[in-house]
Amino acid sequence: TCTETGLTDGVKCSVCGEILVAQEIIPATGHDWGDWLTIVLPTCEQEGLERRICKNDPTHIEEKPIPATGHDWGEWTVVTSATCEEAGEEQRVCANDASHIETQAIPATGHTEETIPGKAATCTEDGLTDGVKCAVCGKVLVAQETIPATGHDWGEWTVVTPATCEEEGMEQRVCANDASHIETQAIP
């Protein structure tokens, strides 16, 4: 056989038992293996199996594992875009088996701060402090606060035109907060 030696035919006397032709040892033939055949295909994560059979004796079978192929990941593609405050998600698919999908989070981008310019309070109008908003999503991050109007801060009356015996004169005062605010009154 493949693994055991054999013997040639011999001849002996059936009466006395004398060996007339001695048996000779026939060496084992050794295996004559066929080609390896894949029995179980390997996957990304599981080994496969291949087998070969001896042509001299089909009861002699040899098997060996086929290594798992491992994943062949494609490029990451965005499933959900990240926003200023919310994480997004991206995934990639294995080229060997499309049912193998890997996902990962895309970190939130964070806000891009932009100043909302304030304005100074005047004598007659309220002002606003500077605020901050996100340049991307528009969310107000620091609200503007009202600065109350300052009111007038009138200076002293000064004579513009002196009064005469027959004509009234005129005097004026200027707001120290805003020189464009002028009050006038007649001098009798």
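A Förster radius of 35 Å combined with the Cβ-Cβ distance from Ile187 to Lys119 puts the calculated FRET efficiency at roughly 0.40.
Note on the chain: semi-axes of the ellipsoid equivalent to its C-alpha gyration tensor, largest first and rounded to whole Å, are 115, 10, 9. Taking the protein heavy atoms of the range 31-188 in the context of the full set of protein chains, the accessible area attributed to carbon and sulfur is 49 percent at 1.4 Å. The HN-Hα couplings worked out from phi for the range 42-55 by the Karplus form 6.51 cos²θ - 1.76 cosθ + 1.60 (θ = phi - 60°) are x, 10, 4, 10, 10, 5, x, 9, 10, 9, 9, 10, 6, 6 Hz, whole numbers, x standing for Gly and Pro.
Once the C-beta distance of Gln46 and Ala105 is scaled by a Förster radius of 25 Å, the resulting FRET efficiency is 0.30 to the nearest 0.05.
Summed over the residues of the range 1-74 and divided among them, the accessible surface reaches 76 Å² per residue at a probe radius of 1.4 Å. Residue-wise HN-Hα couplings along the range 110-118, as the Karplus relation 6.51 cos²θ - 1.76 cosθ + 1.60 with θ = phi - 60° gives them from phi, are x, 6, 9, 6, 9, 6, 9, x, x Hz; Gly and Pro carry x. Here's how it looks for Ile66: its modeled amide H is under 5 Å from those of Gly48, Leu49, Glu50, which are all 5 or more places away or on a different chain.
Were the residues from Cys2 through Cys84 laid out at 0.36 nm apart, the gain over their Cα-Cα distance would be 22.2 nm.
Each residue of the range 12-24 is assigned a 3J(HN,Hα), and the resulting list reads 9, 6, 6, 9, 9, x, 5, 7, 8, 10, 6, 6, 10 Hz, derived from the Karplus form 6.51 cos²θ - 1.76 cosθ + 1.60 (θ = phi - 60°), x at Gly and Pro. Under 5 Å from the amide H of Ile187 lie the amide H atoms of Gly169, Met170, Glu171, each residue being 5 or more positions distant or on a separate chain, with H modelled from the backbone and absent for Pro and chain starts.
The separation of the range 108-179 from the range 10-44, counted between C-alpha centres, amounts to 112 Å. If you take all other residues with their beta carbon under 14 Å from the beta carbon of Pro188, and give Lys and Arg +1 and Asp and Glu -1, the sum is -4. Within the shell of other residues whose beta carbon sits under 12 angstrom from the beta carbon of Arg52, the net charge comes to -2, with Lys and Arg scored +1 and Asp and Glu -1. The mean sequence distance of close C-alpha pairs (under 8 Å, at least 6 residues apart), as a share of the length of the range 26-183, puts its relative contact order at 11 percent. For Lys64, the aspartates and glutamates whose Cα comes closer than 20 Å to its Cα, not counting residues fewer than 8 places off in the same chain, are Asp32, Asp35, Glu45, Glu47, Glu50.
The relative contact order of the range 1-61, computed from alpha carbon pairs under 8 Å that lie at least 6 residues apart in sequence, is 29 percent.
The values are calculated or read from the model by the stated rules, or taken from the named source; none is laboratory data. Note that the structure is predicted; figures quoted are calculated from it, not measured. Quick reminder, even Gly has a Cβ in these numbers, built from the backbone with ideal geometry, and neighbours come from all protein chains shown. These area figures cover heavy atoms from the full protein model, side chains too; ligands, DNA and RNA do not enter into them. Shrake-Rupley method; radii C 1.70, N 1.55, O 1.52, S 1.80 Å.
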